[in-house]
Amino acid sequence: MTEAVDVKDTGGWICNRCGLPLTVQKTRLQYFRVIFALDLPACPGCGMILIDEELATGKMAEAEEALEDK
Amino acid sequence: MDETTDTSPPQETESLCPVCFRRIKARRICHGDEVFLVKECPDHGSFKTVLWRGKPSMSEWQRPKGPVHPDISYTQIERGCPFDCGLCNAHEQLPCSVLIEVTDRCNLHCPVCFADSGVREIEDPSLERLSWLLERAMAAAGPCNLQLSGGEPTLRDDLPDIIGLARGIGFSFIQVNTNGLRLSKDKDYAVRLKEAGLSSVFLQFDGTDDTIYRALRGRGLLDNKLPAVRNCGEVGLGVILVPTLIKGVNTGNVGDIVRQALAMSPTVRGVHFQPVSYFGRFPVSYGDEGRFTLPELMSAIEDQTAGLMNLNDFSPPGCEHSHCSFHATYMHTSDGGIRLIGAAGGDNCCPLDLSAGGVNKTVDTVSTRWRLPSNTSPLSDCSSLSGERACCGRPQPFARDEGDMDLDLFLREIASRSFTISAMAFQDAENLDLERLRGCCISVVSQDGMLVPFCAYNLTARDGKGLYRRRSRSRQ
């Protein structure tokens, strides 16, 4: 997930490995037993998914706190 | 019984003689998928009590935790466990919950009552006394959960004042353990409790049939339970249903209890089963045949809900000793879907610290914890993100959801729509295991200001004598 390079000229993220612009794709991510469906930027070539910091520290962190077994 | 069929080495522990309370050695021995506690008193002979029947096995049911000793002990160790509770500094877990009995009075006289309430003439503690007791509990245990219990705490007209007092001292989660009789009739009282800061109601709820209440409580009570729940819901109080289970009395009603609880969701936030323990007041005829062990209950939940909940959903606890309880957390969506959301199999993640790093750390952490599902979920025709239920034949009132979850929907609903199934197996003088007792995280604040583990506080010898609780009479 650390392979992307923001190329302002293309207006979006490019996969550093494949050289392909990321496209928004339906992805599924699992945390414990729950699988979430998310539309996320991903590389059409290698499948790398980009999760930006806002999402990770925002909604995903909120979900983790709700799910973590206390 | 033939102990030579057992291939597992017996595990040594300690217990008490149920007659004289002498501390004696004990062993946990396995016979097939049953585990027994075996012990011998030099004066009163041998005792054998079932601890565990069935799967998952007792040895699998583990969630190891390192001992943590209390910083503040109100007692010195003299005779050793369990005679010096205060908590003593050899105790191996900090309290996550303290329970205080605000009255001994009760408006029922249940044949089964761990507190043996209503038979002693004990004055209600004054607010000043309760303040002192709660301050002591706060000093030793910190701002943990507080349970207001009794007797029947709602007999106190000043219960809202007690709640306010507790809030002022720093307790932020306060529950009341109640039979619901007053709450079913006195909604104004429920409003006052809520406004004073009550967080939750733990409602005695032994079943969906009045024959059960007549057996356990001495009279039919079902007509009170549903109005109690309704009144709590209308004033914004969540309710947990608490059935006491006795094999053969209401263990066949477990599925109906779960369905009734779901039908009353989201006011009802879960069910907390308590298999009977022989302390306090109970019919002496119940022996091992009345016991319903945790794995039996897990299987009963699966069998009686036709798989709505699965045995594999349940996990051992993170707080108390592993063999004390199980739990599973679900989300109950408004369309009747039940989705497991708790960690399975004792998974135990450390809290995620996202504040400590930048993008790379975030990415590393997220990539460690979140993963791509290994298989495509076997989406049933009846599950979808919108949760439409009736697409393949007769609509089910509740159905298990295993499909993908919309993250935004999850975050919107989880706070109000979580639903927990749990159970706690208390110990009594027959099956007491001091290793488990030392891991206890529920302390009773005794009348003289000590913190005593719940099972030690309620421990009752065969003649009715209490180890800690003062009794004014012997068992007949």
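The values are calculated or read from the model by the stated rules, or taken from the named source; none is laboratory data. As the structure is a prediction and not an experimental result, all values here were calculated from the model. All Cβ positions, even for glycine, are placed from backbone atoms using ideal geometry, and neighbour counts span all protein chains on display. We work out accessible area using only protein heavy atoms, side chains counted, and drop any ligands, DNA or RNA first. Shrake-Rupley method; radii C 1.70, N 1.55, O 1.52, S 1.80 Å.
Evaluating 6.51 cos²θ - 1.76 cosθ + 1.60 at θ = phi - 60° for every residue in segment A:31-36, the Karplus couplings come out as 10, 6, 9, 9, 9, 9 Hz, glycine and proline recorded as x.
Rolled with a 1.4 Å probe across the full set of protein chains, the surface gives B:Lys194 an accessible area near 80 Å². Largest to smallest in accessible area, the residues B:Cys319, B:Cys144 fall in the order B:Cys319, B:Cys144 (1.4 Å probe, all protein chains included).
Too long at a 23 Å Cα-Cα cut-off: which of B:Lys55/B:Lys225; B:Lys48/B:Lys247; A:Lys59/B:Lys65; B:Lys225/B:Lys465; B:Lys187/B:Lys225; B:Lys25/B:Lys465? Walk me through the numbers before you get to the answer.
Numbers: B:Lys55/B:Lys225 33 Å; B:Lys48/B:Lys247 18 Å; A:Lys59/B:Lys65 30 Å; B:Lys225/B:Lys465 33 Å; B:Lys187/B:Lys225 13 Å; B:Lys25/B:Lys465 21 Å.
Where the Cα-Cα span goes over 23 Å, the pairs concerned are B:Lys55/B:Lys225; A:Lys59/B:Lys65; B:Lys225/B:Lys465.
If you take every residue apart from B:Ser73 with its C-beta less than 15 Å away from the C-beta of B:Ser73, what net charge results, scoring Lys and Arg +1 and Asp and Glu -1? Don't skip to the end; give the middle numbers.
On the way: positive: B:Arg79, B:Arg136, B:Arg438; negative: B:Asp71, B:Glu78, B:Asp84, B:Glu92, B:Asp448.
Neighbour charge sum, excluding B:Ser73 itself: -2.
Remark: accessible area buried at the B-A interface is about 3200 Å², both chains counted, probe radius 1.4 Å. On the principal axes of its alpha carbon atoms, segment B:46-95 extends 40, 31, 13 Å, with the longest extent given first.
Normalised by the number of residues in segment B:152-228, what is the relative contact order in percent for Cα pairs under 8 Å and 6+ residues apart?
Details: 92 pairs, mean separation 25.6, N = 77.
This gives 33 percent for segment B:152-228.
Taking the Cβ-Cβ separation of B:Arg120 and A:Gln25 as r and a Förster radius of 51 Å, what is the calculated FRET efficiency to the nearest 0.05? My answer for the efficiency is 0.15. Averaged over peptide B:405-415, the number of partner chain Cβ atoms lying within 10 Å of each residue's Cβ comes to 4.
Could you pull out which residues in segment B:308-342 have an amide N less than 14 Å from a spot 7 Å beyond the Cα of B:Glu60, following the Cα-Cβ vector? Residues B:310-316 fall inside that zone. Loop-located GluC sites (Glu not before Pro) across segment B:4-77 with a Cβ neighbour count of 16 or fewer within 10 Å are B:Glu60, with loop assigned by DSSP.
If the segment from B:Asp335 to B:Ser172 were pulled out straight at 0.36 nm per residue, it would be longer than the present Cα-Cα gap by 55.5 nm. Around the amide H of B:Leu51, modelled in the peptide plane, lie the amide H atoms of B:Val35, B:Phe36, B:Leu37, all under 5 Å away and 5 or more residues distant in sequence or on another chain.
Which shape class, rounded, prolate or oblate, goes with segment B:146-189 when its Cα gyration tensor gives a ≥ b ≥ c as root eigenvalues, a/c under 1.5 marks rounded, and past that a/b bigger than b/c marks prolate? Working shown, then result.
Working: a/c = 2.21, a/b = 1.71, b/c = 1.29.
Prolate, since a/c reaches 1.5 and a/b exceeds b/c.
Note that segment B:170-244 presents 35 Å² accessible area per residue, ligands and nucleic acids not counted, probe 1.4 Å.
Below 8 Å, C-alpha to C-alpha, sequence gap of six or more: please give me the relative contact order for segment A:28-70 in percent.
Values: 21 pairs, mean separation 10.6, N = 43.
Computed over segment A:28-70, the figure is 25 percent.
Within the assembled protein chains, the solvent-accessible surface assigned to B:Asp161 is about 90 Å², based on a 1.4 Å probe.
Roughly how many percent of the accessible protein surface of segment B:160-309 is carbon and sulfur, given a 1.4 Å probe and a whole-percent answer?
Details: 2370 of 4940 Å².
That share works out to 48 percent.
Averaged over its residues, segment B:93-147 has an accessible area of 42 Å² per residue, based on protein heavy atoms and a 1.4 Å probe. Residues B:Ile163, B:Ile122, ordered by accessible area of protein heavy atoms at a 1.4 angstrom probe radius and largest first, appear as B:Ile122, B:Ile163.
When the surface is traced with a 1.4 Å probe over the full set of protein chains, B:Arg230 keeps roughly 130 Å² accessible. Ranking of B:Glu152, B:Glu289, B:Glu302 by solvent-accessible surface, largest first: B:Glu289, B:Glu302, B:Glu152 (1.4 Å probe, protein heavy atoms only, all chains present). Stretching B:Asp223 away from B:Glu40 to a fully extended chain increases their span by 61.2 nm, per 0.36 nm per residue minus the current alpha-carbon distance.
Once a ≥ b ≥ c are taken as the square roots of the eigenvalues of the Cα gyration tensor of segment B:132-234, is the result rounded (a/c under 1.5), prolate (a/b larger than b/c) or oblate (a/b not larger than b/c)?
On the way: a/c = 2.61, a/b = 1.83, b/c = 1.42.
Since a/c reaches 1.5 and a/b is larger than b/c, the shape of segment B:132-234 is classed as prolate.
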